[in-house]
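Structure record follows, encoded as structure tokens.
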């Protein structure tokens, strides 16, 4: 569907997903599943590791990808003890928990459908164990870590005009 002003289906604001909609689930090794603890912000990143290499005939350094590292950070309302308990178990018993995370990005007001991604072998590197701030009306917490792999279970649907725009860009 083209917009009234531009005629370009890619600039249709109705198909820009609302970042506040969707779900996050955590799956732990004991078989338990937790909802997203009222997650307010999440970010998953892949960072390529590269090595700079020299070559005869150029003063420029060339870059060779040598690996990749997945990291995540999550913020949310402080309504669960799970992250504090995991850190305490690691300190006292040396048991380090690895878990999986499913992220569902879905804004039903768009034509995009659902984007579902699973992140595997997640492990917390840093967690806020407790915090207090008299200026905060609601108490939040955060944690960050790494994941070893991910899988896209379902991607956004291709909206009308996208393939036409991709073909035009390739021409």
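Under 20 °C and 1.002 mPa s, how fast does the chain diffuse according to Stokes-Einstein, given a Kirkwood radius computed over C-alpha pairs? Answer in µm²/s, whole number.
Numbers: Rh = 19.5 Å.
Once the numbers are plugged in, D ends up at 110 µm²/s.
Determine the calculated [θ] at 222 nm for the chain from helices alone, applying -39500 (n - 2.57) to every DSSP H run no shorter than 4 residues and normalising by the residue count; nearest 500 deg cm²/dmol.
Working: 2 runs with 21 residues, N = 171.
The helix-only estimate for the chain comes to -3500 deg cm²/dmol at 222 nm.
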Checklist entry - Among 106, 83, which comes first, then next, by fewest other beta-carbon atoms within 10 Å? => result 106, 83
Next on the checklist: Which of 100, 118, 81 ends up with the largest GNM mean-square fluctuation for the chain, with Cα atoms connected below 10 Å?
Outcome noted: 81
Next on the checklist: Can you give me the angle between helix 82-93 and the longest principal axis of the chain, using Cα atoms only, in degrees from 0 to 90, rounded to the nearest 10?
Outcome noted: 50
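For the chain, what is the relative contact order in percent, using Cα pairs closer than 8 Å and at least 6 residues apart in sequence?
On the way: 306 pairs, mean separation 41.2, N = 171.
Relative contact order comes out at 24 percent.
Values in this text are rule-based calculations from the coordinates and carry no lab data. Predicted model, so just to flag it, every value in this text is computed and none were measured. Note that we place each Cβ from the backbone using ideal geometry, even for glycine, and neighbour counts take in every protein chain shown.
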